[in-house]
Each structure stands twice: as structure tokens, then as C-alpha cells.
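Below you'll find the structure, written out as C-alpha cells, and then a few comments.
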Amino acid sequence: SYYDKTTNRPTGKLAGKIVMQNVAFAYLPQNVNLSRIRGTISIDEDELQSKDLRFFDGKNTYYVSGNATDLLTQVMGAPITPKANLHVKVPDWQLTWLDFFLKKKAPDQAKVNPDFRLSQVLDKVIDQTEVVATLESNKAQYKRFTANRIRGKMTLTDTKVSLDNISMNAFGGSLKL
């Protein structure tokens with residue numbers, strides 16, 4: 001048993017590294033396809049850390065560094081909110097992923113499925129993780145909108161998106177949110 005329900009902590013130690021060179025990943029339930037994944041993820045107990053993660057989503061190359069805590073413990077059943085603190089740099093950002101968030105979603109329908117599905121576990125962890133990300137992009141584009149020198153912080157939870165000190169050059173001037 002990796003997880004102790006009375007303490008909400010792992011029962012042992014977990015340490016190691018995941019080294020990736022030109023890896024591809026397709027997560028079909030959310031239609032996420034990543035390729036050219038490179039970098040190292042270090043694991044120390046219940047913290048994952050990366051300083052050099054890079055991947056491509058078909059339109060953009062992302063450079064990510066940071067850490068995430070309590071992911072593994074939450075997967076094991078702990079009533080803990082996992083947290084990720086990231087720095088995300090996207091030099092030339094095509095914001096096509098906004099279409100996914102702007103679509104009107106169908107109401108959740110509870111599925112009764114006695115079979116274990118890794119995708120259900122991943123969905124739960126992704127939905128419940130609080131992500132605080134500092135953003136950096138030289139250029140971003142969404143349909144006819146274009147901005148340069150995007151900087152700021154974004155916090156994502158299962159119920160909200162918060163923007164903090166987002167600045168950019170757009171609309172013929174500079175904008176700060």
C-alpha cells in the first residue's frame with residue numbers, strides 16, 4: 001500500500017527520474033496529442049520537478065519548468081488538491097486551444113463503469129489540480145487577434161481561471177489586465 005489513509009501521506013519513499021527524448025503522447029479522451037517531448041522529470045516522494053521539459057502540440061512548442069505536488073497521493077485516493085507551479089514559455093503561440101474552452105459543454109453524465117480506466121484517474125487528477133503558471137510569449141494569435149510580449153500569471157482550478165498582471169502589446173498599444 002503506497003498511501004496511508006489516516007495520515008493522507010505516502011507510506012514509503014519514491015525517487016527517480018523520467019528522461020524523455022522525442023516521445024509522443026496521445027490522450028484520446030481530451031483529444032490531446034503531444035509530440036517531440038523532451039526533458040527530464042525528477043520524482044522525489046510526492047513531488048515532480050522539471051527544469052527542461054519541451055513538447056509540441058501540432059501548432060506550438062512549449063517550454064515548461066516547475067513542480068507539482070500531491071499528484072501521486074491524490075491518485076491513491078487522498079482527499080488532497082494537487083498543486084502545480086509552472087513557468088510556461090511559448091515563443092509563437094497559436095491559441096487554438098481556446099476553442100476547446102469556449103465550446104458549450106454538454107452536462108456531465110455520470111457513467112457507471114466497474115472497470116478501472118486510467119483515463120478516468122487522469123481526468124480526475126487533471127480536473128482537481130490547481131495550476132499556477134507564469135506565462136511568457138513573444139507573440140500570440142487567436143483568429144484575428146494578435147498580441148506581442150505577453151507576460152503574466154494565470155491560476156487554473158476546477159471552478160475558475162484567474163489572471164494576474166497579464167500584460168501585452170496589442171490593439172496598437174499596451175494592455176495590462
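The values are calculated or read from the model by the stated rules, or taken from the named source; none is laboratory data. Because the structure is predicted, anything quoted here is derived from the model rather than measured. Every residue, glycine as well, gets a Cβ built from its backbone with ideal geometry; the counts of neighbours run over all protein chains shown. SASA here: full protein model, heavy atoms, side chains in, ligands and nucleic acids out. Shrake-Rupley method; radii C 1.70, N 1.55, O 1.52, S 1.80 Å.
When each of 6, 11 is tested for being out of contact with any strand residue (DSSP E or B) (no Cβ under 8 Å at 6 or more places or on another chain), open to solvent by 40 Å² or more (accessible area, probe 1.4 Å) and either more than 21 Å from residue 133 (Cα to Cα) or at pLDDT 90 or above (or both), the lone residue that passes is 6.
Here residue 81 meets the list (1) in a strand (DSSP E or B); (2) within 15 Å of the chain's Cα centre (by Cα) almost entirely, failing just condition (1).
Cβ-Cβ contacts under 9 Å between residues 6 or more apart (or on different chains), taken from a first residue in region 56-81 that is in contact (Cβ under 8 Å) with a residue 60 or more places away in the chain and within 14 Å of residue 121 (Cβ to Cβ) to a second residue that is in a strand (DSSP E or B) and of a type in the set (Lys, Arg), are listed as 73/9; 78/9. Looking across region 148-172 at every residue that is farther than 19 Å from residue 87 by Cα and assigned to a strand (DSSP E or B), the one that is least open to solvent (accessible area, probe 1.4 Å) is identified as 170.
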